[in-house]
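Quick notes on the structure that follows.
FYI, it's all coordinate maths here, none of it is from the lab. All figures in this text were calculated on a predicted structure; none of them were measured in a lab. Every residue, glycine as well, gets a Cβ built from its backbone with ideal geometry; the counts of neighbours run over all protein chains shown.
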Amino acid sequence: MAILSGPLQLEGKVGGMIFYKRGNKTCCRAMPQYTPESMTAASKQSAREFGRASKAGKLLRDALNGIWRLQHDNTMVNRLNKALYTALRKDPAHKRGARIITPVALQETLKNFRFNNKANLPFQAQTIRKPGGHIQVVLPPDWLTVLKKPRYASHVQLQAAAIAIDLETGACRKVSAATECISIDLPGDTLTLNMQLQAPKAMPVIVMIQARFVMEETDGRLYPSAQKSCLQSCVVAVLLPEKVQQPENKGMKSIRSTGSAKFHPKQNNTLQKKKEEKTSLLHKTEHVAIAHSNAPARKTVSTRDDEKRRQHSRKNT
C-alpha cells in the first residue's frame, strides 16, 4: 500500500490505481484482477454472509436516522458491520453461506457497542421491560458527575431509543424519549426514561442512549457542542424476544398431577366405541370356548388295534 505524503490530493480510480483516504492519509492500491476462478466456493459463501451483515447494519442505521441524529465517528460503519458479521458467524443451526443473525448472538456482540469510539459512556444504565411494551432505562445517581463534559457546555440532554427490528426482513418498530436540558451544575440523582413500544413479540429490541451537550449563550439560546470526545452514544441493552405462549388446545386439557385427564366429547365417543367393540369380542370368545367344552367327545379307534383283533379271532377259529 502506497501513501501520498506530498500536496497532491487524489481520490478515486486513475488507470489501474485506486486512490482513497484512510483517516487523514491518502493511500493508493492496485486495481484487483478478478477472474471466474479467482473466488472459491468458500469465498463466495463468506462474501454472501458479509453482504447480509452489511445490509443488517444499514437497516439499523436507517432506523436510527429517523429518530434523532446519531453521534458517531468515521469508523462506526465498519465496526458495526464487523459486530453484526461476528453475530452471524455464531449461528449453529445453519450451514456456512446460509447463516443468519440470531437474537442471542446479537445480544452478545452488540451490547455496549459505541457509535462514537472516541467517547465512552462512563456509567451502566439498567433496562427494565414491563408488560404492555413498557421499557424503562434507569440511570445511576452519579450519572451526571461522571460524564465527560465539554469545556463550554452548560447543559446536557439525554436521549433514549428502543428499536424492535427484524434484520432479515427489514420490519421495524421504534420509539424514543428525551429529557429536558439539565444543567451540569446540579447534583446527580437517579433518572428514569420511560418508553412504550408496540411491536411483535418475536422481534429483539435494541435499546440505545446518547448524551447531547449544549451551550447556553447570553441571549438564552442553546447550541449543541461539536467536541467529538464528548459525543457519547452506545447500545445499553439488547432484549431477547418475548416467549410467545402457544394457544391451549380446546380438544384436550393438560393432565393434572392426579393422573386424570379430560378429553373432548368427540374423543370420548371414539374411546367408548372402541371399548364396546373390545367387550363384544371378549363375549364372543367366551361363547365359543363354552360350546367347545360342552360338545361330546368323539370315539376314535386306531386301525392297527383293529387288525390285531381280527388276526387273533382267526387263530381261535
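If R0 equals 35 Å, the separation of the Cβ atoms of residue 202 and residue 40 corresponds to a calculated FRET efficiency of about 0.45. Near the amide H of residue 171, within less than 5 Å, lie the amide hydrogens of 166, all on another chain or at least 5 residues away, with H placed in the peptide plane.
Ordering 190, 179 by the number of other Cβ atoms within 10 Å of each residue's own Cβ, fewest first, gives 190, 179.
Classify the range 30-121 from the C-alpha gyration tensor, please: rounded if a/c falls under 1.5, else prolate or oblate depending on whether a/b exceeds b/c. In terms of gyration-tensor shape, oblate.
By the count of neighbouring beta-carbon atoms within 10 Å, fewest first, 155, 94 end up ordered 94, 155.
The phi torsions of the range 178-186, fed into the Karplus equation with coefficients 6.51, -1.76 and 1.60 and a -60° offset, translate into couplings of 9, 8, 6, 5, 9, 5, 6, 8, 6 Hz, rounded to whole numbers, with Gly and Pro shown as x.
Which entries in 25/95; 44/90; 58/201; 13/55; 111/228; 25/174 show an alpha-carbon gap greater than 28 Å?
On the way: 25/95 40 Å; 44/90 18 Å; 58/201 23 Å; 13/55 25 Å; 111/228 21 Å; 25/174 38 Å.
Those over the limit are 25/95; 25/174.
Computed extension gain for residue 152 through residue 215, at 0.36 nm per residue and net of the alpha carbon distance, reaches 22.0 nm. With K and R counted +1 and D and E -1, the other residues having a Cβ less than 12 Å from that of residue 123 yield a net charge of 0.
Under the combined filter of DSSP loop state and at most 12 neighbouring Cβ atoms within 10 Å, the range 179-237 retains these trypsin sites (Lys or Arg not before Pro): 201, 221. Please give me the summed charge of the neighbours of residue 160: other residues whose Cβ is under 14 Å from its Cβ, Lys and Arg +1, Asp and Glu -1. Neighbour charge sum, excluding residue 160 itself: +2.
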